[in-house]
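Undergrad: Pasting a structure here, questions to come.
The numbers here are math on the coordinates, done by the rules we state, and not lab data. Predicted, not measured: the structure shown is a model, and the values here were computed from it. A quick note on method: Cβ atoms are made from the backbone with ideal geometry, for glycine too, and the neighbour counts reach across all protein chains shown.
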Amino acid sequence: MIINYIYRILWFVGLVLLQVLILNNIHLAGYATPFLYTYFILKFPSSVSRNELLLWAFFLGLIIDVFSNTPGINASATVLMAFVRPPLLTLFTPRDSFDNIVPSFKTIGNFSFIKYLLICLLIHHGALLTIEFFSFADIGSLILRIASSTLLTLSCILAFEGVKK
């Protein structure tokens, strides 16, 4: 039990450092920014309670906010993603294997895992960038930023999953 928490804390610190020191400085074509820290919440086991997941998500978003100087934007988007994650995970997992799975290609299948990632990332990036943009005056630019950041983050997560195998 303690080993699981130590492992999570190490992943937490590693992803926060990667996001804050490297990924926050990447802006492809001025639109796409990878938000790889969301991978931490997306890979939680299905047996974790919703309250615990929301607390991890809040502190993850809060730490990213502190280092990025964005007051509450990442925290709110990450908590929203953590809130909708359990029903989405139930939607994309086979009915007989929801007991204690960690979402991956192996556990829920290739296409289901990609759909799960895509929908969760769209929710996170949509909330994050809409709050950051705070205007619908240039909605085309907002949609382009959401789509490009989602695709870049998705490709980073898929690459990370491929290396992790």
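Undergrad: Tilt of helix 50-68 relative to the longest C-alpha principal axis of the chain, in degrees (0 to 90, nearest 10)?
TA: Between helix and principal axis, roughly 30 degrees.
Undergrad: Additional query: I'd like the FRET efficiency for SER68 and ASP99, computed as 1/(1 + (r/R0)^6) with the beta carbon distance as r and R0 of 35 Å, rounded to 0.05.
TA: The pair SER68/ASP99 has a calculated efficiency of 0.45.
Undergrad: Right, next: So what's the net charge close to GLU52: Lys and Arg +1, Asp and Glu -1, counting the other residues with Cβ under 13 Å from its Cβ?
TA: Local charge sum for GLU52: +3.
Undergrad: Along the charge dipole of the chain, pointing to its positive end and built from +1/-1 on Cβ of Lys, Arg, Asp and Glu, which listed residue (HIS125, ILE41, PRO103) has its Cα farthest out?
TA: PRO103
Undergrad: Based on the Cβ-Cβ distance from PHE59 to TYR31, what FRET efficiency comes out when R0 is 25 Å, to the nearest 0.05?
TA: Plugging the Cβ-Cβ distance into 1/(1 + (r/R0)^6) gives 0.30.
Undergrad: If you fit an axis through the alpha-carbon atoms of helix 73-92 and take the longest principal axis of the Cα set of the chain, what angle between them do you get, 0 to 90°, nearest 10?
TA: 40 degrees
Undergrad: Quick check: Cα centre of the range 99-120 to Cα centre of the range 1-50, how many Å?
TA: Distance between centres, Cα-based: 17 Å.
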